[in-house]
Structure formats: C-alpha cells, structure tokens
Amino acid sequence: MNEGKISVRYSKALFQSAIEKNILDKVSRDMVLISDICTISEVKELLDSPIIRPSVKTKLLHNILEKNLEKITMLLIDLVVQNGRERFLPAIARVFRNDTLKHNGITECLLTTAVKVDADIIKQISGLIASAFNTKVELNENIDSEIIGGFILRVDDNYIDASIRNKLRKIKKELIGRSI
C-alpha cells in the first residue's frame, strides 16, 4: 500500500473520532507531541527497528507517552504498532496537523529571510496573506543566511522567491546562455 495512503487513513480515522468526541484540540496537541518525540533518535530507532517485538514497542511508547496523551491517541498508537505501521507515526501526526489547520480555517505559511524580520512587518505580511487568501494565517519564520537578502514565501502551494540568491542564479543562467 502507498505510504501516503497509510498515513492519511490512520490520521483521518483519528480526526473523525476526535471531532465526534469533541476533543480535537486535545488530540491535536497530542499529535504535536508525538511529532516532536519522533524526532528523537532513540525513538526513531525504536519505531524503525524490525527486531524489537510489537509488545515491547507498545510498552515503551506507553511508558513515554501515556501520562501526556488522550486515551484515543494511545489507542491509535496501539493499533499502529499492532499493525506494524509504527514508522508512519510522524507522517500520521503531520497529516493530522494539516487536517486540523484546514478544519479551523487556518493556512500555514513559511517566510524565509536572511535576517530576523521585525514583528510589525510580520503582522503586515500575515494581514496581506489573510486578505488575499481569505483565511486565518499561521506564519512561521525561517532564517537562512544563504538567500543573502530578500525573502521566500510559501503559502499552501504558492511559492514566491524574491531572494537575492535566486536573482543571482537567474543572472548567471542568462550570462551562461549568451556565451554559448
């Protein structure tokens, strides 16, 4: 089965159950925690290991997570491990987060700049995106000094690259094309 479909199916099932039980916000926080924990190298090894038995994985995950997660989230983890799909937990959490944002009418955006941007400018950019796309905006910032200057903005599938690095790349390509 396609790996993307696996993550989507488990995530959709949890999402629907969370909505029915009116605990979407709590389960959403659970999925953020799972996503964060899955970045720890020891947890990654646990999830990816074919040698460790599912019962041991379940027990270890319960020891790590049970006190902090909703019962429904733990049941999902149990089911995923039982079906041998535990390596998909980070993807399931990512899909769940995206579905939750969509459900709440929020668009996640990423602004990449060479230096830290002033808070007022961030508010202005968020406002422009909100009015242009008719949505609430969750604007994340990324600092990448390699873009030299300017910005790169990603809103859903829309991508604006107004970085100095991109402009220099275009100039280089044009100059190389003329010399041939």
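Quick note: the coordinates plus some simple rules give every number you see, no bench work behind them. Only a predicted model underlies this, so the values are computations on that prediction, with no experimental measurement involved. Neighbour counts run over all protein chains shown; Cβ positions are idealised from the backbone, glycine included.
Overview of values
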read-out	value
Shape of the stretch 1-47, Cα gyration tensor, a/c cut at 1.5	oblate
Shape of the stretch 107-179, Cα gyration tensor, a/c cut at 1.5	prolate
The stretch 107-179 - share of DSSP beta bridges that are antiparallel (%, nearest 5)	60
Per-residue ³J(HN,Hα) for the stretch 114-125, Karplus 6.51 cos²θ - 1.76 cosθ + 1.60, θ = phi - 60°, Hz, x for Gly and Pro	7, 9, 4, 9, 4, 4, 5, 5, 4, 4, 5, 5
Helix 89-103 axis, angle to the chain major axis (alpha carbon atoms, nearest 10°)	70
Packing-based ranking, highest mean first, of 21-33, 83-95 given that Cβ atoms within 10 Å are counted	83-95, 21-33
Using a Förster distance of 41 Å, the FRET efficiency for residue 130-residue 59 (Cβ separation, nearest 0.05)	0.35
Efficiency of FRET from Cβ geometry, residue 9 and residue 41, R₀ 22 Å, rounded to 0.05	0.20
The stretch 5-60-the stretch 67-93 distance, computed between alpha-carbon centres (Å)	3
Cut-off 17 Å, label 7 Å out along Cα→Cβ of residue 165, residues of the stretch 115-137 by amide N	115-117
Rounded if a/c under 1.5, otherwise prolate or oblate - the chain, Cα gyration tensor axes	prolate
Net charge of neighbours whose Cβ lies under 14 Å from the Cβ of residue 168, counting Lys and Arg as +1 and Asp and Glu as -1	+3
Modelled FRET efficiency - R0 30 Å, residue 16 with residue 142, Cβ distances, 0.05 increments	0.40
Long-range amide H partners of residue 109 with built H, under 5 Å	138, 139, 140
Protection proxy ranking of 105-113, 61-69 - average other beta-carbon atoms within 10 Å, highest first	105-113, 61-69
Expected 222 nm ellipticity per residue - DSSP helices of 4 or more, -39500 (n - 2.57), all of the chain, to 500	-19500 deg cm²/dmol
